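The values are calculated or read from the model by the stated rules, or taken from the named source; none is laboratory data. Given the structure is predicted, the values throughout are model-derived calculations rather than measurements. FYI the Cβ positions are ideal-geometry reconstructions off the backbone, even for glycines, and counts take in every protein chain you see. These area figures cover heavy atoms from the full protein model, side chains too; ligands, DNA and RNA do not enter into them. Shrake-Rupley method; radii C 1.70, N 1.55, O 1.52, S 1.80 Å.
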Amino acid sequence: MSYNVLKYDGIAYLKKKAESDKHKALMSLNLLLSHSAGIGDHSTKDFYDNLDEAFDTLVDAEDRLEVLDKHYSDIIKQIV
């Protein structure tokens, strides 16, 4: 396997993982903010912890996508 194939596959993995994490975080935030009655027996602290976790995941994922685009834009443009 050539270096270019490994580099492309590695960048593709990182991009897809960051996109997946971003969508997971958005889904969690939407669920928490739109259907908070679903938290049931959980405390307010649990609710805030879940909001913080989802938001941190979203920020992290978007930061990773930005860094990938900044440093590997030539490869990012090729990834479907």
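Quick check, is SER43 modelled with pLDDT under 95, loosely packed, with under 11 Cβ neighbours inside 10 Å, closer than 25 Å to ILE79 by Cβ and out of contact with any Lys or Arg (no Cβ under 7 Å at 6 or more places or on another chain)? Break it down into steps so the answer makes sense when it comes.
Details: modelled with pLDDT under 95: yes; loosely packed, with under 11 Cβ neighbours inside 10 Å: yes; closer than 25 Å to ILE79 by Cβ: no; out of contact with any Lys or Arg (no Cβ under 7 Å at 6 or more places or on another chain): yes.
Taking the combined requirement at face value, the residue does not satisfy it.
Restricting the search to segment 4-18, which residues are free of Cβ contacts under 8 Å to residues at least 60 places away in the same chain, open to solvent by 40 Å² or more (accessible area, probe 1.4 Å) and touching a helix residue (DSSP H, G or I) at 6+ places or on another chain (Cβ under 7 Å)? Of everything in segment 4-18, just one residue is free of Cβ contacts under 8 Å to residues at least 60 places away in the same chain, open to solvent by 40 Å² or more (accessible area, probe 1.4 Å) and touching a helix residue (DSSP H, G or I) at 6+ places or on another chain (Cβ under 7 Å), namely LEU14. For segment 1-24, the set of residues classified as over 9 Å from ALA61 (Cα atoms), hydrophobic (A, V, I, L, M, F, W, C) and assigned to a helix (DSSP H, G or I) consists of VAL5, LEU6, ILE11, ALA12, LEU14, listed by residue number. Residues that are exposed (fewer than 12 other Cβ atoms within 10 Å of the Cβ) and modelled with pLDDT of 95 or more within segment 46-58 comprise ASP52, ASP56, listed in sequence order.
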